[in-house]
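Data block below; observations after.
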């Protein structure tokens, strides 16, 4: 198919202002996450063919019908904050469909039935801001809360630090309006009903499908009353072992925990560097410094009994009988602005680490298959210890932070990858995964499969399960036009298969 | 092309935190106009992975250089450094918007951004000729640097005029360069350009101030202020002047009891922190000291204040090439102020004043007032 013909058709559907082939738009819409890969594979382009910003479902239907007949790939894109190469174009003439420009409206807020109807381009923070006016919120908060959009959250079943308490995005999606690959429009679930067992749970199937099964045009989300009181606590033990002993004690307590995070000294350094910058710039007025200790926990309590809960926690965590060998440093934060700064810094702790370092002068690649693994929560310490030893053997210095109660650990291993050390890093990655699987874990708890992790799925689930996934894809998108060759259900691109590496962010 | 273009290319994780507050992106929600996109595009241009396109030019020249992105960037990317370096590259490649070339032509030829006869620089003082005729090119410790906008744009004449009358009221001596004042060069600095010709202009202004025995340079324009404070010092590291914004000197006069505002101003006001004065220079208190000394005034502080304050959209020379973007920003900001019950927006910057006048169009019971004019009204 000629590029010019596709371009003209897209303009016919959406108008010239909403179709672009300008390189700047194409770079900005997706291929920037391939900085590392492009340095290795100089003759491969990771650029979409077209950027389209549809205004409504009718335009999307027309694009889908046209693309399906002509086998033109479409990638539905929200804020491009995904971390698995989900929206990286790998096929010629890919249509990058961006919802942020037009399809960004909250269509309905129903407090009586506790739901909202939104378009995919609604930003998470904006929805929260609007709901907060009525003391409501949408609880599935990912680390990318500052920038992500609801469409992307649903596409990736986004979750984050508070998921052990509030659940993941899937738990809040009551239903969807979806444009299928052939342009058919379907509705799943019931926006006003919390419960329904009528038929297959298609909503759950589409949530987390990473744009491979359909294009969301409306999303029905369950919302909840905003928890009122909150208090935060930093607890820092010198030893990681002691910190995890403390966590076992916390598990036994009846307290309303909203967050319980483990951060390692390098993460803390990044957080503190950001606090220092913000203080200097006058963005925050109160000094915050998280103690740089190996066993540091960040805790947030909510609910009407938060003060009593705090007392219980403080008493247990500093119990001289249990923690005489390593008494913790504890700091309580009551001021809501101060707490916001603390948790903001934790939210962007990943990119924040860069502030405490010199800017890199060349491409770095993260080891994607170790970035957001999860193991059974009781095995976290074991995993961290084994991963640390392995990392030392391979000369890798990973940064670790994690959501303790759901076993999700972010092991961030940014490497300057060269042709020479590729093999070694691939080996390291596979050995970390061996540890994860031996402990009964998963390769990805939050970030998704996307492009990078798909060749590991068969190891995690087995061939028979993967065949079912492939059959679903084949049934719903027989021409493989929706975000093709991602999620392990298409033809896995050779570069990914060979290296198992890619840059995330 | 300079290394600055790629300095943060590998650092930026494209996390998108900058999207939430980017002044320009929020007006149109086009990803190409986000700070993270600009950092990426600059690096791609540097690496010759792409060429300059129309949207590339839009991305770099529509930026208002407010710097909010730098506040929010967790990784510490100095985005403005990248944008200025890339603007310079695009200019060198001859692909800058025509409006920028015109401004440069004006500065080099006529010594002002409006391509006007520089001998008419004192046009702003026509109504107070008697008060300033013995001030022009006279020896004094205080040198007022008026700036192009206030010198040539009739709607802004009242700003320097008011300052002069305030100084007269408190008996503060000062001098003016008259037609010896040349453009401060800020438009070049906003484009990352500081070549020999620009340095000649800078040196001219410095020499003229030195000749008059000036010790303190006072500007009402935060753009000129930042140019003197940051860029002039880069060119002349031994710059023998204290650089002050007019609000700083007025706040000092109030603190010393030399200026007392007794008349009341019973309004709910919001102060528009000028980016060049506030976020980029850290001057937040002086204008607030002034406003808080006015009886009856109610100063509203928004949740986003000071370093995080909203930009009016009038900076970075965005307005020269993308007036619609600048106007949309100002309308959005004015609406926010209105929603926060403000009755008046107080400005301390000619660009803020000029742009917010457009911003309040259609909004009832919301006015814009320059801080100097307000003070003068209340001490007359």
- Query: Among the residues of region B:90-121, which ones are within 14 Å of chain A (Cβ to nearest Cβ) and either crowded, with 18+ Cβ neighbours inside 10 Å or modelled with pLDDT under 95 (or both)?
  - Reply: B:90
- Applying the selection to region B:279-335, what residues are surrounded by fewer than 20 Cβ atoms within 10 Å (Cβ to Cβ) and part of a loop (DSSP other than H, G, I, E, B)? B:281, B:282, B:284, B:293, B:295, B:296, B:301, B:302, B:303, B:304, B:305
- Unmet requirement for residue A:93, which otherwise passes all of (1) under 27 Å from residue B:43 (Cα atoms); (2) in contact with a helix residue (DSSP H, G or I) (Cβ under 8 Å, 6 or more places away or on another chain); (3) in contact (Cβ under 8 Å) with a residue 60 or more places away in the chain; (4) within 14 Å of chain B (Cβ to nearest Cβ): (4)
- Working carefully through the options A:435, A:443, A:399, find the one that is buried (at least 18 other Cβ atoms within 10 Å of the Cβ), touching a helix residue (DSSP H, G or I) at 6+ places or on another chain (Cβ under 6 Å) and farther than 13 Å from residue A:369 by Cα. A:399
- How many residues are touching a strand residue (DSSP E or B) at 6+ places or on another chain (Cβ under 8 Å), in a helix (DSSP H, G or I) and free of Cβ contacts under 8 Å to residues at least 60 places away in the same chain when one looks only at region A:128-162? 2
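Looking for whichever is more than 23 Å from residue A:352 (Cβ to Cβ) and crowded, with 24+ Cβ neighbours inside 10 Å here; the options are A:150, A:186. Which one fits? Break it down stepwise before answering.
Values: A:186 fails: crowded, with 24+ Cβ neighbours inside 10 Å.
Being more than 23 Å from residue A:352 (Cβ to Cβ) and crowded, with 24+ Cβ neighbours inside 10 Å holds for just one of A:150, A:186, which is A:150.
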- Residue count, region B:15-42 (criterion: within 8 Å of chain A (Cβ to nearest Cβ), under 20 Å from residue A:143 (Cβ atoms) and surrounded by fewer than 22 Cβ atoms within 10 Å (Cβ to Cβ)): 1
- Item | For residue A:237: the one exception among (1) in contact with a strand residue (DSSP E or B) (Cβ under 8 Å, 6 or more places away or on another chain); (2) surrounded by fewer than 22 Cβ atoms within 10 Å (Cβ to Cβ); (3) more than 15 Å from residue A:332 (Cβ to Cβ) | (2)
- Task: Assess whether residue A:291 counts as being away from every other protein chain (no Cβ under 14 Å) and either part of a helix (DSSP H, G or I) or closer than 22 Å to residue A:350 by Cβ (or both).
- Result: yes
- Message: Being within 14 Å of chain B (Cβ to nearest Cβ) and buried (at least 20 other Cβ atoms within 10 Å of the Cβ) is the filter here; which residues of region A:274-288 pass it?
- Response: A:274, A:275, A:278, A:284
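Kindly indicate which of B:345, B:300, B:375, B:357 is farther than 20 Å from residue B:221 by Cα and modelled with pLDDT of 95 or more. Spell out the reasoning first.
Numbers: B:345 fails: farther than 20 Å from residue B:221 by Cα; B:375 fails: farther than 20 Å from residue B:221 by Cα; B:357 fails: farther than 20 Å from residue B:221 by Cα.
One residue alone meets the criteria, B:300.
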- Item | Among the candidates A:257, A:253, residue that is touching a strand residue (DSSP E or B) at 6+ places or on another chain (Cβ under 9 Å) and touching a residue at least 40 places away in the same chain (Cβ under 8 Å) | A:257
- Count, please, the residues in region A:361-389 that happen to be under 20 Å from residue A:83 (Cα atoms) and either away from chain B (no Cβ under 14 Å) or without any contact (Cβ under 8 Å) to a residue 24 or more places away in the chain (or both). 7
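So which of A:217, A:296, A:267 ends up being within 14 Å of chain B (Cβ to nearest Cβ), in contact with a strand residue (DSSP E or B) (Cβ under 6 Å, 6 or more places away or on another chain) and buried (at least 19 other Cβ atoms within 10 Å of the Cβ)?
Values: A:217 fails: within 14 Å of chain B (Cβ to nearest Cβ); A:296 fails: within 14 Å of chain B (Cβ to nearest Cβ).
A:267 is the lone residue from the list that is within 14 Å of chain B (Cβ to nearest Cβ), in contact with a strand residue (DSSP E or B) (Cβ under 6 Å, 6 or more places away or on another chain) and buried (at least 19 other Cβ atoms within 10 Å of the Cβ).
Are there helices (runs of 4 or more DSSP H) fully within region A:1-62 with at least 3 residues that are touching a strand residue (DSSP E or B) at 6+ places or on another chain (Cβ under 8 Å), touching a residue at least 12 places away in the same chain (Cβ under 8 Å) and facing another protein chain (nearest Cβ under 9 Å)? List them.
Working: elements: A:3-14, A:23-29, A:35-40.
Helices (runs of 4 or more DSSP H) meeting the threshold: A:23-29.
Condition test on residue A:355, is it at pLDDT 85 or above, more than 30 Å from residue B:5 (Cβ to Cβ) and within 14 Å of chain B (Cβ to nearest Cβ)? Walk me through it before giving the result.
On the way: at pLDDT 85 or above: yes; more than 30 Å from residue B:5 (Cβ to Cβ): no; within 14 Å of chain B (Cβ to nearest Cβ): yes.
For residue A:355, the condition - at pLDDT 85 or above, more than 30 Å from residue B:5 (Cβ to Cβ) and within 14 Å of chain B (Cβ to nearest Cβ) - is not met.
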- Item | The one condition in (1) at negative phi; (2) surrounded by fewer than 20 Cβ atoms within 10 Å (Cβ to Cβ) that residue B:132 fails to fulfil | (2)
- Task: Report those helices (runs of 4 or more DSSP H) wholly inside region A:304-374 carrying at least 2 residues which are surrounded by fewer than 23 Cβ atoms within 10 Å (Cβ to Cβ).
- Result: A:306-317, A:320-323, A:336-347
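Count, please, the residues in region B:52-74 that happen to be within 7 Å of chain A (Cβ to nearest Cβ) and either at pLDDT 95 or above or surrounded by fewer than 24 Cβ atoms within 10 Å (Cβ to Cβ) (or both).
In the first step, residues of region B:52-74 are kept if they are within 7 Å of chain A (Cβ to nearest Cβ); the result is B:53-56, B:59, B:71, B:74.
Filter again for either at pLDDT 95 or above or surrounded by fewer than 24 Cβ atoms within 10 Å (Cβ to Cβ) (or both), leaving B:53-56, B:59, B:71.
The total comes to 6.
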- Answer from B:64, B:82 - the residue that is out of contact with any strand residue (DSSP E or B) (no Cβ under 9 Å at 6 or more places or on another chain) and more than 22 Å from residue B:11 (Cβ to Cβ): B:64
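Residues in region B:242-272 that are within 20 Å of the chain's Cα centre (by Cα) and buried (at least 19 other Cβ atoms within 10 Å of the Cβ): how many? Please lay out each step first, then the result.
Filtering region B:242-272 down to residues within 20 Å of the chain's Cα centre (by Cα) leaves B:242-251, B:270-272.
When the remaining residues are screened for being buried (at least 19 other Cβ atoms within 10 Å of the Cβ), the result is B:243-251, B:270-272.
Qualifying residue count, region B:242-272: 12.
Among the residues in region A:321-332, are any within 15 Å of residue A:161 (Cα to Cα) and more than 14 Å from chain B (Cβ to nearest Cβ)? If you could, list the steps in order and put the result at the bottom.
First pass over region A:321-332, keeping only residues within 15 Å of residue A:161 (Cα to Cα): none.
So far as region A:321-332 goes, no, none of its residues is within 15 Å of residue A:161 (Cα to Cα) and more than 14 Å from chain B (Cβ to nearest Cβ).
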- Item | Test: residue in region B:322-336 that is over 30 Å from residue B:87 (Cα atoms) and free of Cβ contacts under 8 Å to residues at least 60 places away in the same chain | yes
- Query: Listed residues A:174, A:165; which is over 11 Å from the mean Cα position of the chain (by Cα) and outside any helix (DSSP H, G or I)?
  - Reply: A:174
- Message: Please pick out the residue among A:61, A:21, A:74, A:13 that is surrounded by fewer than 18 Cβ atoms within 10 Å (Cβ to Cβ) and at negative phi.
- Response: A:21
- Taking strands (runs of 3 or more DSSP E) that fall entirely within region A:203-270, which contain at least 2 residues that are over 25 Å from the mean Cα position of the chain (by Cα)? A:230-237
- Item | Residue selected from region A:390-417 under the condition farther than 23 Å from residue A:295 by Cα and in contact (Cβ under 8 Å) with a residue 40 or more places away in the chain, by the criterion nearest to the chain's Cα centre (by Cα) | A:415
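The values are calculated or read from the model by the stated rules, or taken from the named source; none is laboratory data. For clarity, every value in this text was computed on a predicted model and none was experimentally measured. For neighbour counting, all protein chains shown are included, and Cβ atoms are generated from backbone atoms with ideal geometry for every residue, glycine included.
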